[in-house]
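Engineer: The structure's right below; bear with me while I get my questions together.
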Ligand code: GLU
């Protein structure tokens, strides 16, 4: 049975890269009919942020990634929060000391700083020099009796190589001499990530480890631990980072790193999940829109790419627009209403009608207020706005047309989209013009803008007869004074 885990550290927000890792683990598990486990890695108490665990729960739930075992729902392999597993790590660290895979190190900060400085001076990577590897039993006992604090370090082989196979990166081999005798258990009795992840993955029966490739170079050390304990080594699937561009990662500072940031920016969760699944993984088909269920059916490890994935917000916006257009009007209105009400306070304007013109032209919900900022107040605009090459309009051609439109609107008694459409299109054919030559000046007169959701007819229907007439008169006046 496939068992995967998502093992975030509660540092305050859900990075898009982390969420993508969670998603890959989730998709693989559901594809294989396995179990998806949530484990909170909070052994680094300095990085712990209050409320961060709730952010993790809420994000995963919101995104539809439900876990089968975890801190809140329990399971057969708990506890699922590392700080509650303290005793377990200690026991295994001691076992390792007994079987020769680890040793107690009593070096203090000052000495370790010196060792690091020596490494730096000789341009070598910082590594512990192994002083305490050679302590005799009586020396160790004496130091413990004196109450000298100690850590437990992994005893790396000094010669030979260690290899392992990663599903994405292939066979990785490192020289054992390059492996640092890393700390497994800190002096406060808490494990380091490097130790806890191995113990937990083993005890929780994890079969496939999906995580960021920043852990790739540490995997040989973990494998030496598995071997020292005589445990079976899981499958490794290391994934490349998600980048903003070829040299910059997505960053918290740029406000584009977390799931919540994108929700706030008006992206739909379905679109975000769909898009991040395609960051570093590609389905066999030439298609980009997939529901979570469709992703589950298609997900496979073979199609995970080694190259870093570039997060293209324009692509996400495009996909978001596709999701918006696939919705029923009711559904879209459900999402758009709060954004519409931010810009349109005048209750004469029907927000559902506004939603209906927005839906075909909306990519991000957060763009809505700016798209419809002209309803409550007509902005001031220059008459040059009536010049449009493609529409073949100028201020000069627009004035007489607006006068004709004004006459027509004044005579319409049942003022709605259909009646407006019919009468304005008859005007177009009567004048033997193109639609744009009549409807573009109307749009500008009603909105003071070149681009609007909905054209002249739709805008007039929303604004109503009085306000439409009022705005057309303003335009005619402007044109009279300006030409
Ligand atoms: N707690 C680690 C992190 O948040 C998890 C790494 C792993 O999946 O093993 O980066």
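Engineer: Can you compute the label reach from residue 175? Point 7 Å from Cα along the Cβ direction, backbone N cut-off under 14 Å, restricted to region 113-156.
Structural biologist: 124-125
Engineer: Given the C-alpha centroids of region 430-468 and region 73-127, what is the distance between them in whole angstrom?
Structural biologist: One Cα centre to the other: 71 Å.
Engineer: Quick one: of the DSSP bridges fully inside the chain, what percent are antiparallel, nearest 5?
Structural biologist: Percentage antiparallel, nearest 5: 55.
Engineer: Rg and Dmax of region 71-197 over Cα atoms: what are they, in angstrom?
Structural biologist: Over region 71-197's Cα set, Rg and Dmax evaluate to 17.0, 51 Å.
Engineer: As a test of the definition: which semi-axes, in Å, follow for region 1-117 when you take the square root of five times each eigenvalue of its alpha carbon gyration tensor? Largest first, please.
Structural biologist: Semi-axes (√(5λ), whole Å): 32, 19, 14.
Engineer: Shifting gears a bit: How would you order 119-129, 435-445, 56-66 from highest to lowest mean count of nearby Cβ atoms within 10 Å?
Structural biologist: The packing order, highest mean first, is 435-445, 56-66, 119-129.
Engineer: Across region 52-141, what fraction of all alpha-carbon pairs, as a whole percent, falls in each successive 10 Å bin from zero upward?
Structural biologist: 13, 25, 22, 21, 18, 2
Engineer: Distance between the C-alpha centers of region 331-400 and region 186-216? Whole Å please.
Structural biologist: Cα centroid of region 331-400 versus Cα centroid of region 186-216: 53 Å apart.
Engineer: If I fit a long axis through the Cα atoms of helix 395-411 and take the longest principal axis of the Cα atoms of the chain, what angle between them do I get, 0 to 90°, rounded to 10?
Structural biologist: Relative to the chain, helix 395-411 is tipped by roughly 80 degrees.
Engineer: Still on this model: Relative contact order, percent, of region 183-232 when contacts are C-alpha pairs under 8 Å separated by at least 6 residues?
Structural biologist: That works out to 31 percent.
Engineer: Counting pairs of Cα atoms in region 152-219, how many percent are more than 16 Å apart?
Structural biologist: Within region 152-219, distances greater than 16 Å cover 57 percent of Cα pairs.
Engineer: Could you sort 398-404, 465-471, 109-115 so that the peptide with the highest average Cβ count within 10 Å comes first and the rest follow in order?
Structural biologist: Highest to lowest by the protection proxy: 398-404, 465-471, 109-115.
Engineer: Report the full-extension gain for the segment residue 246 to residue 481: residue separation times 0.36 nm, less the Cα-Cα distance, to one decimal in nm.
Structural biologist: Result: 79.3 nm gained on full extension.
Engineer: So, one more: In 10 Å bins starting at 0, how do the alpha-carbon pair distances of region 159-300 split up by percent?
Structural biologist: Taking every Cα pair in region 159-300, the percentages come to 9, 29, 31, 23, 8, 0.
Engineer: Work out how much length residue 88 to residue 403 would gain on full extension: take 0.36 nm times their residue separation and subtract the Cα-Cα distance, in nm to one decimal.
Structural biologist: Gain on stretching residue 88 to residue 403: 105.0 nm.
Engineer: In nm, to one decimal, how far is the residue 58 label point from the residue 159 one, both placed 7 Å along Cα→Cβ?
Structural biologist: 5.8 nm
Engineer: Would you mind checking region 456-476 for residues with the amide N under 18 Å from a putative spin-label position 7 Å along Cα→C-beta of residue 431?
Structural biologist: Label zone hits: 456-461, 468-476.
Engineer: Based on a Kirkwood Rh over C-alpha pairs, give the Stokes-Einstein translational diffusion coefficient of region 330-449 at 37 °C and viscosity 0.692 mPa s in µm²/s.
Structural biologist: In µm²/s, the coefficient rounds to 207.
Engineer: Could you give P(r) for the chain, binned at 10 Å from zero, as whole percent values over all Cα-Cα pairs?
Structural biologist: 4, 16, 20, 17, 13, 10, 8, 7, 4, 1, 0
Each value in this text was obtained by applying a stated rule to the coordinates, not by laboratory testing. In this text the structure is predicted, and so the values were computed from the model without any measurement. For neighbour counting, all protein chains shown are included, and Cβ atoms are generated from backbone atoms with ideal geometry for every residue, glycine included.
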